[in-house]
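Take this structure, written in structure tokens, and hold onto it; I'll ask about it next.
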Amino acid sequence: MEHFLSVEDLRVHFKTADGIVKATDGLSYTLDRGQTLGIVGESGSGKSVSSSAIMGLHAGTTAQISGSVWFDGVDLLTLSQAEMRKLRGKEIAMIFQDPLSALHPYYSVGKQIAEAYRVHNSVTKKQARTKVIEMLELVGIPQPDRRFDGYPHEYSGGMRQRAMIAMALINDPSLVIADEPTTALDVTVQAQILDLLQNLQKEFNTAIIMITHDLGVIAEMADDALVMYAGRAVEYGPVSEVLTHPEMPYTWGLLSSVPDVTADTDARMVPIPGNPPSLLNQPPGCAFHPRCVHSSKVPGDLCRTTLPELLEGPRGGGHLTRCHLADPEQIYETQVIPEIAPMQAEER
Amino acid sequence: MWAYAARRIVIGVMLLLALSLVTFVLFFASPADQARHACGKQCTDEQIAVTEKALGYDKPVLVQWGTFVKGMVTGREFPADPELKKTHPEFITTCDRPCLGYSKTNGVTVNSLIGEAAPISISLAVVAVVIWLVFGVILGIIAAVTKGTIMDRGIVGLTLIIYAFPTFFIGVFFLKFVVVKWGLLSYPQYLSIAEGGVGGWLTNLFLPAFTLALVYLASYVRMTRAFVLESLGEDYIRTARSKGLNSRTVLFKHALRAALTPLVTMTGIDFAGLLGGAIITEQVFAYNGIGKLTVDSANAWDLPTIIGIVVLAGSFVILANIIVDICYALIDPRVRLG
């Protein structure tokens with residue numbers, strides 16, 4: 001079956017004075033309408049860079065992009081700038097992390113949203129205004145006709161993100177890329193924004209790529225989860241599989257570092273030791289091996305010398321892992337679980 | 001906003017008073033004897049004393065300053081001698097408010113000196129500011145969008161080289177080659193619009209204004225380039241592009257709006273500074289503007305004229321600042337004056 005969005009072997013490399021930065025190196029995933037893919041990883045793991053490549057936002061930079069991005073039967077990477085521009089904002093829209101800096105401070109919010117509508121639809125200013133007010137109402141902004149003329153600095157953080165969502169959805173796009181949409185918001189507002197996105201997704205049957213480093217967001221929103229490390233997918237599969245039966249030490253680390261409100265107050269979070277590798281000069285073999293406490297369990301120094309393939313694990317069900325460990329399930333049960341707060345053990 | 005403007009104007013007036021007081025004090029603190037200078041080398045001590053009294057220099061500095069301030073408000077008569085007015089009214093020069101003083105050296109009021117010189121300096125400043133803004137902003141934008149290419153380096157490098165040359169060199173260079181050797185333009189002589197029409201006014205102003213503009217061009221090119229690049233890297237530019245806008249709209253509507261705002265401040269202050277006279281350029285082209293008047297008065301120890309020019313130039317700068325602040329509030333909705 002053909003997928004609505006199919007990213008195949010996407011590579012985004014940046015030429016810099018110090019060498020080639022492999023921000024995204026051979027990324028593949030698929031997504032269907034009405035589904036949500038959660039991409040999770042540390043800063044600099046290539047989450048945002050790969051999504052910007054789908055939007056064609058790297059044009060004019062030193063980025064070298066290869067691979068293919070099949071979107072509704074068309075390879076986006078082969079489109080011209082003009083063709084891409086017609087899709088951008090119309091078929092593929094983006095929601096950004098910090099709505100205050102993502103909105104232009106000098107133009108009213110309504111004007112900025114109307115601009116997104118008018119560039120793809122030949123309508124009068126007045127028609128655009130009506131549409132924008134309708135949209136603002138839909139995303140839950142009170143008194144939308146008055147707020148239309150408000151400036152970004154007059155909106156609260158949550159309202160701004162709602163306005164960004166209105167801007168992204170005004171042309172009824174089939175794919176929305178949400179780049180850490182809730183990171184800049186406080187927790188209660190986060191929940192509201194996620195609810196809003198979910199409801200709108202149902203209404204418009206939108207495909208969503210949710211980029212985040214918050215596993216809670218992934219658990220709530222996503223159908224599939226993709227864990228990225230150093231520009232590559234290290235674990236990919238249905239979200240219930242990935243979060244409950246993680247098979248890659250990096251994912252274990254991410255799950256262990258989630259704070260648990262019900263845990264013993266003396267319990268400490270378990271951080272992943274070390275720092276993410278430089279994308280300029282990646283370690284040979286598995287990029288995670290310098291930080292991996294389990295690499296010694298792999299015979300023959302394989303972690304250090306050979307990059308593991310992204311392969312389906314023993315549990316099947318489309319759960320792919322990039323790891324040399326022979327029996328990760330057993331290690332997770334016996335060694336990782338005891339480290340993680342008791343709550344998560346009980347859940348299992 | 002009106003309350004804000006009113007408050008700023010009050011503060012501005014107080015600043016001007018302080019400015020004139022400081023100028024007064026500085027002059028009296030200088031080793032030169034005003035009266036001796038005005039009287040001439042051959043004067044006896046008695047004659048100097050008489051001159052001192054006639055010019056009002058015998059009174060304390062603060063009293064003289066008070067008279068000056070009062071003259072600004074009510075106008076003055078020179079010499080302020082009721083007896084003389086009765087007997088010889090033809091010797092009395094009336095100076096209407098705001099009276100900036102009387103230049104003994106030139107035998108006329110400072111107001112009329114400045115009244116003759118100011119149109120020249122203002123014309124020069126206006127034409128120069130238009131030239132450097134148009135070229136500076138256009139070249140700056142071109143350099144920004146072609147960042148790192150030969151074009152960018154060429155523009156930035158060339159304007160820097162020009163910047164490195166002193167104004168008198170560029171001025172004399174233009175006079176010698178453009179005017180004398182190649183005869184492309186006639187020797188510039190200031191013509192008011194009334195005398196020469198807009199065309200004559202402009203052709204005569206072009207060379208000196210261009211010379212003056214070259215001084216500012218380099219910094220405006222570099223600033224525009226930096227502001228545009230900074231603005232192009234902002235998140236809202238990415239938003240604008242992700243909406244599907246074409247690069248022209250992104251640059252001109254989204255990037256420039258934010259990038260050019262700081263230029264308003266710079267332009268306002270630079271322009272106001274120039275209204276107080278472009279000393280070197282006016283000297284080179286023998287334009288009798290405020291700049292040349294300043295130099296001549298300083299050389300002649302013409303205190304009243306210098307104080308008048310200082311107060312005038314100061315008020316231009318203060319006024320420009322108020323206007324810039326108000327413009328800012330109009331451009332940037334985040335700025336609320338209060």
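The values are calculated or read from the model by the stated rules, or taken from the named source; none is laboratory data. Keep in mind that this is a model prediction, so the values were computed, not measured. All Cβ positions, even for glycine, are placed from backbone atoms using ideal geometry, and neighbour counts span all protein chains on display.
Can you tell me how many residues in segment A:222-247 are surrounded by fewer than 23 Cβ atoms within 10 Å (Cβ to Cβ) and out of contact with any strand residue (DSSP E or B) (no Cβ under 7 Å at 6 or more places or on another chain)?
Total meeting the criteria: 4.
If you don't mind, another one. Kindly evaluate residue B:288 against the criterion of being more than 14 Å from every other protein chain (Cβ to nearest Cβ), out of contact with any strand residue (DSSP E or B) (no Cβ under 7 Å at 6 or more places or on another chain), surrounded by fewer than 19 Cβ atoms within 10 Å (Cβ to Cβ) and in a helix (DSSP H, G or I). Working first, answer last.
Values: more than 14 Å from every other protein chain (Cβ to nearest Cβ): yes; out of contact with any strand residue (DSSP E or B) (no Cβ under 7 Å at 6 or more places or on another chain): yes; surrounded by fewer than 19 Cβ atoms within 10 Å (Cβ to Cβ): yes; in a helix (DSSP H, G or I): no.
No: the conditions fail for residue B:288.
Here's another thing I want to ask about it. If I filter segment A:97-107 for residues that are within 14 Å of another protein chain (Cβ to nearest Cβ), at pLDDT below 90, under 13 Å from the mean Cα position of the chain (by Cα) and assigned to a loop (DSSP other than H, G, I, E, B), do I get at least one hit?
Yes, that holds for at least one residue.
Another question, then. Looking at the structure I just gave you, is residue B:209 out of contact with any helix residue (DSSP H, G or I) (no Cβ under 6 Å at 6 or more places or on another chain), small (Gly, Ala, Ser) and modelled with pLDDT of 90 or more?
Numbers: out of contact with any helix residue (DSSP H, G or I) (no Cβ under 6 Å at 6 or more places or on another chain): no; small (Gly, Ala, Ser): yes; modelled with pLDDT of 90 or more: yes.
It is false that residue B:209 is out of contact with any helix residue (DSSP H, G or I) (no Cβ under 6 Å at 6 or more places or on another chain), small (Gly, Ala, Ser) and modelled with pLDDT of 90 or more.
Now, a different point. When you scan segment B:104-113, do you find a residue that is of a type in the set (Gly, Ala, Ser), surrounded by 20 or more Cβ atoms within 10 Å (Cβ to Cβ) and part of a loop (DSSP other than H, G, I, E, B), even just one?
Initially, segment B:104-113 is screened for residues of a type in the set (Gly, Ala, Ser), giving B:107, B:112.
Of the ones still in play, those that are also surrounded by 20 or more Cβ atoms within 10 Å (Cβ to Cβ) are none.
Checked against the condition, which is being of a type in the set (Gly, Ala, Ser), surrounded by 20 or more Cβ atoms within 10 Å (Cβ to Cβ) and part of a loop (DSSP other than H, G, I, E, B), segment B:104-113 yields no hits at all.
Can you find, within segment B:44-66, the residue that is modelled with the lowest pLDDT among those that are closer than 19 Å to residue B:107 by Cα and out of contact with any helix residue (DSSP H, G or I) (no Cβ under 7 Å at 6 or more places or on another chain)?
Step by step, filter segment B:44-66, then rank; the result is B:54.
Looking at segment B:259-271, is at least one residue within 23 Å of residue B:134 (Cβ to Cβ), over 17 Å from the mean Cα position of the chain (by Cα), within 14 Å of another protein chain (Cβ to nearest Cβ) and among the hydrophobic types (A, V, I, L, M, F, W, C)?
Taking segment B:259-271 and keeping what is within 23 Å of residue B:134 (Cβ to Cβ), we get B:259-271.
From what is left, the residues that are over 17 Å from the mean Cα position of the chain (by Cα) are B:259-263.
Retained after the next criterion (residues that are within 14 Å of another protein chain (Cβ to nearest Cβ)): B:259-262.
Narrowing the set further to residues that are among the hydrophobic types (A, V, I, L, M, F, W, C) leaves B:259-260.
There is at least one residue in segment B:259-271 that is within 23 Å of residue B:134 (Cβ to Cβ), over 17 Å from the mean Cα position of the chain (by Cα), within 14 Å of another protein chain (Cβ to nearest Cβ) and among the hydrophobic types (A, V, I, L, M, F, W, C).
Do we find that residue B:241 is modelled with pLDDT under 90, in a helix (DSSP H, G or I) and at the interface with another protein chain (Cβ under 10 Å from one of its Cβ atoms) in this structure? Don't jump to the end; show me each part of the working.
On the way: modelled with pLDDT under 90: no; in a helix (DSSP H, G or I): yes; at the interface with another protein chain (Cβ under 10 Å from one of its Cβ atoms): yes.
No, not satisfied.
Do we have residue A:140 as in contact (Cβ under 8 Å) with a residue 40 or more places away in the chain, in the same structural domain as residue A:42 (by TED's automatic domain parsing) and touching a Phe, Trp or Tyr at 6+ places or on another chain (Cβ under 7 Å) here? Full working, then the answer.
Values: in contact (Cβ under 8 Å) with a residue 40 or more places away in the chain: yes; in the same structural domain as residue A:42 (by TED's automatic domain parsing): yes; touching a Phe, Trp or Tyr at 6+ places or on another chain (Cβ under 7 Å): no.
It is false that residue A:140 is in contact (Cβ under 8 Å) with a residue 40 or more places away in the chain, in the same structural domain as residue A:42 (by TED's automatic domain parsing) and touching a Phe, Trp or Tyr at 6+ places or on another chain (Cβ under 7 Å).
Out of everything in segment A:53-80 that is more than 8 Å from chain B (Cβ to nearest Cβ) and assigned to a helix (DSSP H, G or I), what residue ends up being surrounded by the most Cβ atoms within 10 Å (Cβ to Cβ)?
Selected residue: A:53.
Further question on the same structure: Please enumerate the residues belonging to segment B:267-278 that are of a type outside the set (S, T, N, Q), part of a helix (DSSP H, G or I) and surrounded by 17 or more Cβ atoms within 10 Å (Cβ to Cβ).
B:268, B:270, B:271, B:272, B:274, B:275
Here is a list of conditions, (1) more than 10 Å from chain A (Cβ to nearest Cβ); (2) surrounded by 20 or more Cβ atoms within 10 Å (Cβ to Cβ); (3) of a type in the set (A, V, I, L, M), and residue B:255 meets all of them except one; can you say which number that is?
(1)
Being more than 13 Å from chain A (Cβ to nearest Cβ), at pLDDT below 90 and in contact with a helix residue (DSSP H, G or I) (Cβ under 9 Å, 6 or more places away or on another chain): is that true of residue B:329 here? Spell out how you get there, then give the answer.
Numbers: more than 13 Å from chain A (Cβ to nearest Cβ): no; at pLDDT below 90: yes; in contact with a helix residue (DSSP H, G or I) (Cβ under 9 Å, 6 or more places away or on another chain): yes.
No.
Residue by residue through segment A:41-52, note down the ones that are of a type outside the set (S, T, N, Q) and not in a helix (DSSP H, G or I). First the steps, then the outcome.
We begin by selecting, within segment A:41-52, every residue of a type outside the set (S, T, N, Q); these are A:41-42, A:44, A:46-47, A:49.
Scanning segment A:41-52 gives A:41, A:42, A:44, A:46.
Scanning segment A:148-171 for residues that are without any contact (Cβ under 8 Å) to a residue 40 or more places away in the chain and within 20 Å of the chain's Cα centre (by Cα), which turns out surrounded by the fewest Cβ atoms within 10 Å (Cβ to Cβ)?
As a first pass, look at segment A:148-171 and keep what is without any contact (Cβ under 8 Å) to a residue 40 or more places away in the chain: A:154, A:156, A:158-159, A:162.
From what's left, within 20 Å of the chain's Cα centre (by Cα): A:158, A:162.
On the way: A:158: 21, A:162: 25.
So the residue we want is A:158.
Given the criterion away from chain B (no Cβ under 14 Å), out of contact with any Phe, Trp or Tyr (no Cβ under 8 Å at 6 or more places or on another chain) and part of a loop (DSSP other than H, G, I, E, B), identify the matching residue among A:34, A:38. Talk me through it step by step, then tell me what you get.
Working: A:38 fails: part of a loop (DSSP other than H, G, I, E, B).
Of the residues listed, the single one that is away from chain B (no Cβ under 14 Å), out of contact with any Phe, Trp or Tyr (no Cβ under 8 Å at 6 or more places or on another chain) and part of a loop (DSSP other than H, G, I, E, B) is A:34.
Just name the residue that is farthest from the other protein chains (Cβ to nearest Cβ) out of those in segment A:108-149 that are among the hydroxyl-bearing types (Ser, Thr, Tyr) and not in a helix (DSSP H, G or I). First the steps, then the outcome.
Our first condition is that a residue be among the hydroxyl-bearing types (Ser, Thr, Tyr); within segment A:108-149, this holds for A:108, A:117, A:122, A:124, A:130.
Still in the running and not in a helix (DSSP H, G or I): A:108, A:122, A:124.
Details: A:108: 8, A:122: 14, A:124: 18 Å.
In this case the residue turns out to be A:124.
Criterion first (over 32 Å from the mean Cα position of the chain (by Cα) and in a loop (DSSP other than H, G, I, E, B)) does residue B:85 satisfy it? Walk me through how you get there before you give the answer.
Numbers: over 32 Å from the mean Cα position of the chain (by Cα): yes; in a loop (DSSP other than H, G, I, E, B): no.
Criteria not met by residue B:85.
For residue A:49, are the conditions met, namely being among the β-branched types (Val, Ile, Thr), more than 14 Å from every other protein chain (Cβ to nearest Cβ), under 23 Å from the mean Cα position of the chain (by Cα) and buried (at least 17 other Cβ atoms within 10 Å of the Cβ)?
no
Looking only at segment B:27-64, how many residues end up being surrounded by 13 or more Cβ atoms within 10 Å (Cβ to Cβ) and under 30 Å from residue B:322 (Cα atoms)?
In the first step, residues of segment B:27-64 are kept if they are surrounded by 13 or more Cβ atoms within 10 Å (Cβ to Cβ); the result is B:27-28, B:33-39, B:43, B:47-59, B:61, B:64.
Those left that are additionally under 30 Å from residue B:322 (Cα atoms): B:27, B:64.
Within segment B:27-64, residues that are surrounded by 13 or more Cβ atoms within 10 Å (Cβ to Cβ) and under 30 Å from residue B:322 (Cα atoms) number 2.
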